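The values are calculated or read from the model by the stated rules, or taken from the named source; none is laboratory data. In this text the structure is predicted, and so the values were computed from the model without any measurement. Backbone-built Cβ (ideal geometry, glycine too); neighbour counts: all protein chains shown. The protein model used for the area step is the full one, side chains on, heavy atoms only, and it has no ligands, DNA or RNA in it. Shrake-Rupley method; radii C 1.70, N 1.55, O 1.52, S 1.80 Å.
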Amino acid sequence: MKLYTKTGDGGQTGLYGADRVSKAHIRVEAYGTVDELNSAIGLARAHNGRSHQPHAALDADLEYLQNALFDVGADLATRTGTPYEKNLSRMDAQDVAFIEAMIDRYADGAPPIRNFVHPSGTLTASALHLARAVARRAEREVIRLLHEEEANEQVQIYLNRVSDLLFAMARAANHVAGLQEEQWAVKGRR
């Protein structure tokens with residue numbers, strides 16, 4: 001099978017179920033941003049694996065997230081009410097609860113937060129902060145989608161929690177590395 005099909009040369013792409021839409025359609029923007037998020041998490045995993053102290057549990061949790069984000073993409077690429085819906089597992093409250101438990105675990109692995117912190121630190125933590133920002137954008141894209149057509153509302157909630165999880169992971173990664181987080185210095189308080 002070739003990587004190029006030429007079916008998208010006219011600016012259209014296929015949703016799961018063969019519906020053709022513009023590549024600029026809000027649904028495509030939403031799952032495309034989830035794909036970007038998945039790639040950003042892959043970058044964080046690469047940095048974690050190359051660090052002087054790789055964090056095995058972090059890598060396993062990020063791998064879980066990458067697999068789950070494929071489910072999120074499939075959920076977004078399948079319109080509600082199509083016969084193809086039976087072939088996938090929609091994100092639900094249990095998926096959200098699982099992420100919340102992970103957030104709690106990682107939040108316990110860093111000092112309590114008192115101020116806004118710079119999205120920086122180790123390469124792993126910095127990549128996780130970047131992934132967090134992409135997750136927030138993906139969430140905004142899903143909110144736009146929900147305003148325009150029917151989609152699974154649990155996806156928006158899930159992405160909201162994923163961004164919180166990535167923030168907690170970044171803080172924990174810095175803490176494990178012994179790095180003190182840089183806090184926001186309000187203008188004039190230098």
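Checking the a/c ratio against 1.5 first, then a/b against b/c, what shape does the Cα gyration tensor give for segment 51-154?
Details: a/c = 2.30, a/b = 1.85, b/c = 1.24.
The shape class here is prolate.
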Surface accessible to a 1.4 Å probe, Val176 within the full protein complex, Å²: 80 Å²
Rounded to whole Hz, the Karplus (6.51, -1.76, 1.60) HN-Hα couplings of segment 32-42, x for glycine and proline: x, 6, 5, 4, 4, 4, 4, 5, 5, 5, x
Centroid-to-centroid separation of segment 85-120 and segment 121-190 [C-alpha atoms, Å]: 10 Å
Rounded, prolate or oblate (a/c below 1.5 giving rounded, otherwise prolate when a/b exceeds b/c) for segment 102-190 by Cα gyration tensor: prolate
Solvent-accessible surface (1.4 angstrom probe) belonging to His147, in square angstrom, nearest 10: 150 Å²
Net dipole in debye of segment 137-185 [+1 Lys, Arg Cβ; -1 Asp, Glu Cβ; about Cα centre; nearest 20]: 220 debye
³J(HN,Hα), Karplus 6.51/-1.76/1.60, whole Hz, each residue of segment 136-142, x for Gly, Pro: 5, 5, 4, 4, 4, 5, 5
Built amide H within the under 5 Å cut-off of Val117, gap 5+: Trp184
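Enter the accessible area per residue of segment 109-158 (Å², integer; probe 1.4 Å; all protein chains in place).
Working: 2680 Å² over 50 residues.
On a per-residue basis, segment 109-158 sits at 54 Å².
Among rounded, prolate and oblate, which fits the chain when a ≥ b ≥ c are the square roots of the eigenvalues of its C-alpha gyration tensor, a/c under 1.5 means rounded, and a/b larger than b/c means prolate? Kindly include the intermediate steps, with their values, before the conclusion.
On the way: a/c = 1.99, a/b = 1.91, b/c = 1.04.
It comes out prolate by the Cα gyration axes.
First compute the accessible area of segment 105-190 with a 1.4 Å probe, then give the percent of it belonging to carbon and sulfur atoms. Present the calculation step by step, with values, prior to reporting the outcome.
Working: 2530 of 4950 Å².
In segment 105-190, the share of accessible area belonging to carbon and sulfur is 51 percent.
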Simple Cβ-charge dipole of segment 19-137, Lys/Arg +1 and Asp/Glu -1, about Cα centre, in debye nearest 20: 400 debye
Furthest towards positive pole of dipole, Ala151, Asn174, Ser163, structure part segment 129-190, Cβ charges: Asn174
